[in-house]
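Enquirer: Quick one: structure below, then a few questions.
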Amino acid sequence: MEDAMLQLPKAELHLHIEGTLEPELMMELAQKNHVSLPYDSVDAIRQAYQFTDLQSFLDIYYAGAAVLQDESDFTSLTWAYLLKCKEDNVVHTEIFFDPQTHTARGIAFETVLSGITTALKRGEDELGISSKLILCFLRHLSEEEAMKTLDQALPYKDQIIGVGLDSSELGNPPEKFQRVFARAIEEGFIPVAHAGEEGDVSYITGALNLLHVKRIDHGVQCIHDEALMDRLVKERIPLTVCPLSNIKLRVFDTMAEHNILQLLDRGLAVTVNSDDPAYFGGYINENFAAMRRSLRMNDQQLKQLAINSFEASFLEPEKKAYWIEQVKNY
C-alpha cells in the first residue's frame, strides 16, 4: 500500500546535479557526443554503480560526467531531476553543481551554468518548483584552483546563492579552504560545507569555526560529541543528511543503524536528502520510505523532517512560513 504521507511538500537541500545522471541518460549522451564508455549497455552501467567507499564512488562519478558536453546536456540532466522532484512533491530544491569537474575537461563555466539554469527556470514556470544554486569547490584540488573557480562565478552572483565544499573529505580539512570561503562570504555567497561524513567531528567544528558555514552537509558524526550537538541545537545549524547515500558508502552498515532519528529527537535541525540519487539507489521519497521500513519513523517525525527542510532552506521568510504551514496542515 502506498504511503500517502510521503507526498507531503518538502524541500531538498543536498543534491549534486551530476549525481542524478541515470544510466539511460549517460548512455544516450555518450552516443550523442561520441564519448567512449567502458560499458556496452545500460545494465552494465548499472552494475558498475557498486561502491565500497566514497573514493570508489567518486572515480565512477567523474568518469560518468564526461558525457556532459554542451549546454543542452546540462539542461537535459537538470530537467530529468526536476521531473523526479515533481513525482516526490519536492516543491523547492537547492542544487549543488561542480564546475571544476567540467572546466577541467575544457567545458566553459558559462556552458554548465546556462544549461542548468535554463532547466531550473522551466521547472519554476511549468512545474512550480522553486530552486537555488550552490557552487561546490572540489576539496581534493587546491585552494588556488577553488579561488579561480570563485573568480569565474563572480559575474553570476544573481544566479548562484552560495558556495559549498564536496569530494574526498578525509585529508582535505576545512582549514585548507579558509581563504576562499572568506572571500566568497565577502562577495555575498552563503557558505555551506560537507563535513562529518567520512571525517570525524573536527571536520564539523572546522567548517563552523573556520568557514563560518550556515549548514553542514551530512554531519552525522556529530553524535560522538555532546558539546557539538548542544551547539548545533543552540545555534540551529541544519544538517542535510542523506540516508541511502550513507548506507551505500558504508557510513552505516544498514539503515536500521542510521542515527538520523536520534539526531532529530535530540533537537537537531536534520533534513532528508538524496545526495547522488542515480548512484545511491533512490530519490528523496525512496529515502523516506527506507526510513519508514527500517527505522519505524512515525508521521510526527516525518512532518518535522519536512518542516526542517523548509526552515533550513535559503528561501525567503514568507515562502518558508507558507510551506511550513502547508506541512503542518497536511
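We did not get these values from a lab; they are worked out from the coordinates using the rules stated. Since the structure is predicted, the reported quantities are computational estimates derived from the model, not experimental observations. For neighbour counting, all protein chains shown are included, and Cβ atoms are generated from backbone atoms with ideal geometry for every residue, glycine included.
Enquirer: Let's see if you can work this out: charge +1 on each Lys and Arg Cβ, -1 on each Asp and Glu Cβ, no other charges. What is the dipole magnitude of segment 173-224 about its Cα centre, in debye to the nearest 20?
Expert: My answer is approximately 180 debye.
Enquirer: Could I ask something else about it? Each residue of segment 309-323 in turn: what ³J(HN,Hα) in whole Hz from Karplus with 6.51, -1.76, 1.60 and θ = phi - 60°, glycine and Pro shown as x?
Expert: Here the 3J(HN,Hα) series is 5, 7, 4, 7, 6, 9, 5, 5, x, 5, 6, 4, 4, 4, 6 Hz.
Enquirer: Ranked from highest to lowest mean number of other Cβ atoms within 10 Å per residue, what is the order of the peptides 125-133, 305-313, 71-79, 232-240?
Expert: Per-residue Cβ counts within 10 Å, averaged per peptide and sorted highest first, yield 305-313, 71-79, 232-240, 125-133.
Enquirer: Could you give the length gained on full extension between residue 60 and residue 175, defined as 0.36 nm per residue of separation minus the Cα-Cα distance, in nm?
Expert: Length gained between residue 60 and residue 175: 38.7 nm.
Enquirer: Relative to the Cα centre, what is the charge dipole magnitude of the chain, using +1 at the beta carbon of each Lys and Arg, -1 at the beta carbon of each Asp and Glu, and rounding to the nearest 20 debye?
Expert: Charge dipole, the chain, about its Cα centre: 660 debye, nearest 20.
Enquirer: Turning to a different aspect of this structure: Please report the relative contact order for the chain, taking Cα pairs under 8 Å with a sequence separation of at least 6, and give it as a percent rounded to a whole number.
Expert: Answer for the chain is 19 percent.
Enquirer: At a threshold of 8 angstrom on Cα-Cα distance, excluding pairs fewer than six apart, so keeping six or more, what relative contact order does segment 1-125 reach in percent?
Expert: 39 percent
Enquirer: On to the next question. In whole percent, what relative contact order does segment 176-330 give with Cα contacts below 8 Å and a gap of six or more residues?
Expert: 16 percent
Enquirer: If R0 is 51 Å, what FRET efficiency do you get for residue 159 and residue 2 from their C-beta distance, rounded to 0.05?
Expert: 0.85
Enquirer: If I build a Gaussian network model for the chain, linking alpha-carbon pairs within less than 10 angstrom, which residue out of 95, 260, 223 has the largest mean-square fluctuation?
Expert: Its mean-square fluctuation being the largest, the pick is 223.
Enquirer: Given R₀ = 35 Å, what would the calculated FRET efficiency be for residue 108 paired with residue 325, taking r from the Cβ atoms and rounding to 0.05?
Expert: 0.25
Enquirer: Apply 1/(1 + (r/R0)^6) to the Cβ-Cβ distance of residue 124 and residue 147, taking R0 = 56 Å, and write down the FRET efficiency to the nearest 0.05.
Expert: Plugging the Cβ-Cβ distance into 1/(1 + (r/R0)^6) gives 0.95.
Enquirer: Output ³J(HN,Hα) for segment 95-110: one whole-Hz value per residue in order, computed from phi by the Karplus curve 6.51 cos²θ - 1.76 cosθ + 1.60 with θ = phi - 60°, and x for Gly and Pro.
Expert: Coupling constants for segment 95-110: 9, 7, 9, 10, x, 5, 4, 9, 5, 5, 9, x, 8, 5, 3, 4 Hz.
Enquirer: Another question about this same structure. For a test of the definition: using alpha carbon positions, the gyration tensor, and the 1.5 limit on a/c, classify segment 120-242 as rounded, prolate or oblate.
Expert: Since a/c reaches 1.5 but b/c is at least a/b, the shape of segment 120-242 is classed as oblate.
Enquirer: 7 Å from Cα along Cα→Cβ at both residue 53 and residue 298: what's the point-to-point distance in nm?
Expert: Result: 4.0 nm between the two label points.
Enquirer: Points 7 angstrom from Cα along the Cβ direction at residue 254 and residue 24: gap in nanometres?
Expert: Between residue 254 and residue 24, the simple spin-label model gives 3.3 nm.
Enquirer: For a protection proxy built on the mean count of beta-carbon atoms within 10 angstrom, sort 183-190, 214-221, 87-94 highest first, please.
Expert: Answer by packing, highest mean first, reads 214-221, 87-94, 183-190.
Enquirer: Grab the DSSP H runs of the chain that are 4 residues or longer, score each as -39,500 (n - 2.57), total them, divide by all residues and round the 222 nm result to the nearest 500 deg cm²/dmol.
Expert: -14000 deg cm²/dmol
Enquirer: Here is a further query. Under unit Cβ charges (Lys, Arg +1; Asp, Glu -1), what dipole magnitude, rounded to 20 debye, does segment 108-166 have relative to its Cα centre?
Expert: Dipole magnitude for segment 108-166 comes out near 100 debye.
Enquirer: Under the rule a/c < 1.5 gives rounded, and otherwise a/b versus b/c splits prolate from oblate, where does segment 123-174 land using the Cα gyration tensor?
Expert: Oblate shape, in that a/c is at least 1.5 and b/c is the bigger or equal ratio.
Enquirer: Right, another one. According to the square roots a ≥ b ≥ c of the eigenvalues of the Cα gyration tensor, what is the shape class of the chain, taking rounded for a/c under 1.5, prolate for a/b larger than b/c otherwise, and oblate for the remainder?
Expert: Taking the square roots of the gyration eigenvalues as a ≥ b ≥ c, the chain is rounded.
Enquirer: Can you tell me the length gained on complete extension of the stretch residue 212 to residue 236, counting 0.36 nm per residue apart and subtracting the Cα distance?
Expert: So the chain would gain 7.3 nm between residue 212 and residue 236.
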